[in-house]
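What follows is calculated from the coordinates using simple rules that are stated; it is not laboratory data. Only a predicted model underlies this, so the values are computations on that prediction, with no experimental measurement involved. Every residue, glycine as well, gets a Cβ built from its backbone with ideal geometry; the counts of neighbours run over all protein chains shown.
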């Protein structure tokens, strides 16, 4: 039985170098429940299993590594966040 997934677009204001992009990808890659992730200019798109991890935990993991993630768009709710660079 396949698990339900959700998508999340995060804007990351201080992910502005290749090294920072690599670090962010490593953080996301270590999280349980993240099935796919793609770096996009100024952020990360990802597909994850909400029963294994939630949006707050994803953002907290990035924040703990020095990133400033904000929700750009949540696929389930369509909720968008405000981003100021």
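Per-structure values
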| item | result |
| --- | --- |
| Viscosity 1.306 mPa s, 10 °C: Kirkwood-radius Stokes-Einstein D of the stretch 6-74 over Cα pairs, µm²/s | 137 µm²/s |
| Sorted by Cβ neighbour density within 10 Å, fewest at the top, the residues 23, 60 | 60, 23 |
